[in-house]
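Colleague: Shown below is the structure under consideration.
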Amino acid sequence: MAAPQFFVPPRVTPSNKPKRRFTLEQANRTLPLVSRIVADIVRVHKNASSLQGQIEKQDKQQPSKQRTADIEKELETAKERLNGLLDELSDVGCELKDFQTGLIDFIGRHQNRDVYLCWKLGEAQIGYWHELDAGFAGRQPIATLEEKQ
């Protein structure tokens, strides 16, 4: 049985911080740090998904209670680590949109309104932006971004 594809642990403490606005230059300057955090998030999420899959598989096979307890403890540790990494990302001021691909949005400005500056793990810099309600499918090339008022 494959591990769940969209394992998302519940937030321990939701962030109530106001969202930070970034210029394209500011957002690109954060990418070395954001990239490290997001790489860790993707890795820990993959591990947590695998552990969740092991628990589900063992539950169906009537496992030994000790083995399941050990995996559940490891999963709880992974969840705590994931929440810590999400807090680090929140402290930077950007939002994780996808645990598997490492998709990130920064709030930016385009023609005097808020938009998302869109970046994905592995990209050298921010290459796209989209409206707040458009999502990934509505991405537009960064060359069309008009930050000036």
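Colleague: Can you flag which of K19/K79; K97/K148; K60/K120; K79/K120; K73/K120; K46/K73 are past 28 Å Cα-Cα? Write down the numbers at each step before the final one.
Modeller: Working: K19/K79 24 Å; K97/K148 26 Å; K60/K120 36 Å; K79/K120 22 Å; K73/K120 31 Å; K46/K73 16 Å.
Pairs exceeding 28 Å: K60/K120; K73/K120.
Colleague: Along the positive direction of the dipole of the stretch 65-149 (beta-carbon charges: Lys, Arg +1; Asp, Glu -1; about the Cα centre), which of L85, G135, H110 reaches farthest?
Modeller: Going by the charge dipole, the pick is G135.
Colleague: If you don't mind, there's one more thing I want to ask. How do R113, R81, R139 line up, fewest other C-beta atoms within 10 Å first?
Modeller: Arranged by neighbour count, lowest to highest, R113, R81, R139 become R113, R139, R81.
Colleague: For a quick check: sort T77, T144, T30 by the number of other beta carbons within 10 angstrom, fewest at the front. Can you show the working numbers first?
Modeller: On the way: T77 14, T144 9, T30 19.
By the 10 Å Cβ count, ascending, the order reads T144, T77, T30.
Computed from the coordinates by the stated procedures, all read-outs in this text should not be read as laboratory data. Keep in mind the model is a prediction, meaning the values are calculated, not measured. Cβ atoms come from the backbone with ideal geometry, glycine included; neighbour counts cover every protein chain shown.
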